[in-house]
Amino acid sequence: MSEIHGRIRLGLGPNLGQFTLLVIVNAFVGAMVGLERSILPAMAEHDFHLVARTAVLSFIVVFGTAKAVTNYFAGRWSDAVGRKIVLVGGWLLAVPVPFLLMWAPSWDWILAANLLLGASQGLTWSTTVIMKIDLAGPERRGFVMGLNEFAGYGALALSTVATGYIAATYGLRPQPFYLGVAFVAMGLVLSAALVRETHEHARHEAKTRAAPAAMPTQRKIILRTSFSDRDLSAMSQAGLVNNLNDGMAWGLFPLFYALAGMSLARIGVLAAIYPAVWGIGQLFTGALSDRIGRKGLIVGGMWLQALGIALVAVSKGFPKFAAGSVLLGAGTAMVYPTLLAAIGDVAHPLWRASAVGVYRFWRDLGYAIGALLAGITADVLGIKQAIWLVAVITFASGAVVAIRMRETKAATARIL
C-alpha cells in the first residue's frame, strides 16, 4: 500500500524505479568488498611476507574502524544535508582503492586502501539502507532490508569467486583488481546521475506518526541506541558480534583452509559460500520477519551462526568446511536484515537515520574487534582456538537478545 501526501508517495510500487536503482547501486557497493575477500590474506603472506596473524588481519581492523566511524556520520549527515550527497561522496572515496591494491609496494598501501574502502562502505551502504527505508514506508520494511542486503552480499560473493578464479589463473596482482575499477565507475555514475534524494519521504512518514515528545540530541540518540533502550542496545550488541564473527571468518578462514590443504581456487569458493547463502537467504528472511516478527529470527540466527563456526573448527575437508559456511551464512541471513528492520520499527522517522548510523557504527566496529581478537588469539593459542572463541561469543550474544530484547514488529505505537 502506498501513502500519498502531495507528490510524495510511500511504498514499493510508486517508487519501484528508484528502489531498483538503489538495489543495483548497493550491489556494486558489496562487490567492492568482494575484491579482497579470498585473496588479501594470501597477499599478506606471499607478497608482503607477514607471518603474525594479528599483522595479517590488520587490514580488517583498519577497514572495520573506518567503516564504523563513517556509518555514524553517514546517518547524521543524511539527516542534516540529505542522502544523495553522502552517497556520491562515498563513491568518490572508493576511486583510488583498486589502484592502491594492484600497485601497492608495501603493506602500508594496503592499509591505506582499506581505510578508504571502509570509509566508502560506511557512507555508501548506510545511505542505500536509509534511502530504501525512506521509500518503502513502514509496511514492508523487512522485505526491503532483505532485498538490499541480498544485493550487497550476493554481489560480494560473486566478486569473491571471480577474484579467486582470476588470482588462481593469472596471479594475485594486478588482474583481480581490474574488476574494482569497473565497480567504482558504475556505482559513481549511477549514484550521481540517476539516484534522487529521498529525505522528503522520511519527513512525510514522520507526519503520519505521533511526534516525539522532544527531538533528541545526538548524544541522547547515541546513548539510547547503545545502552539505555533495552531493544536498541540488544540489537547493537548483536550487530557488533555478527560482524565480529564475520571479521574472523574473513581473516582466519582462508588461512585455516590453506593449512588444511585447500587450493587457492577452492579457498575462493569456500569464502564465497558464506556470503552467497547470506545474500540469497535475505530475500526470504527479511520478508519472513514482517510476518512472524523480529526477535525469534535474531536469536535463532545468532545460535545458528555459532553452530556453523564450530563446525568449521572441527572439520578438515572441503565438504564439512562448506557445510559450516552454509550454516554461518543462513544464520547471518536470519539476523542481518531483521536487525535493520527492527531499528526502523523503534526509531522515529525524524531521527531514524541517526539511529541507523549509531547501530551500524557498533555493528561494523565488530570487524575491527573480531580481527584483533581473532588475530591475537590465533598468535597465542592457534587458529582453531580463535575460531572456537568466536563461536562461544556468538552463542552468548544470541542469549543476550533472548533475555533483553522485546518483539518490535508491533512496536510502532511505542516509537521513541
Kindly evaluate Gly308 against the criterion of being assigned to a helix (DSSP H, G or I), touching a helix residue (DSSP H, G or I) at 6+ places or on another chain (Cβ under 6 Å), of a type outside the set (Ser, Thr, Tyr) and without any contact (Cβ under 8 Å) to a residue 60 or more places away in the chain.
yes
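Being under 19 Å from the mean Cα position of the chain (by Cα), buried (at least 24 other Cβ atoms within 10 Å of the Cβ) and either modelled with pLDDT under 90 or of a type in the set (D, E, K, R) (or both) is the requirement here; does Ala333 meet it?
no
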Please give the number of the condition Leu328 fails out of (1) buried (at least 24 other Cβ atoms within 10 Å of the Cβ); (2) on the phi > 0 side of the Ramachandran plot.
(2)
What residue, among those in region 216-269 that are over 20 Å from the mean Cα position of the chain (by Cα) and among the small types (Gly, Ala, Ser), is nearest to Gly398 (Cα to Cα)?
Ser228
May I ask you to say which residue of Leu389, Leu365, Leu350 is under 17 Å from Leu244 (Cβ atoms), surrounded by fewer than 24 Cβ atoms within 10 Å (Cβ to Cβ) and modelled with pLDDT under 95?
Leu365
Within region 295-317, the count of residues that are more than 21 Å from Ala151 (Cα to Cα) and at pLDDT 95 or above comes to 16
Within region 144-178, can you find the residues that are under 24 Å from Gly17 (Cβ atoms) and of a type in the set (Ser, Thr, Tyr)?
Tyr153
Does region 378-386 contain any residue that is of a type in the set (Lys, Arg) and closer than 30 Å to His204 by Cα?
no
Looking at (1) under 18 Å from Thr20 (Cβ atoms); (2) without any contact (Cβ under 8 Å) to a residue 40 or more places away in the chain, which one does Ala182 not meet, given that it meets all the others?
(1)
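The values are calculated or read from the model by the stated rules, or taken from the named source; none is laboratory data. Since we're looking at a predicted model, the values are computed, not measured. Neighbour counts are summed over all protein chains in view; Cβ atoms, including those assigned to glycine, are modelled from backbone coordinates with ideal geometry.
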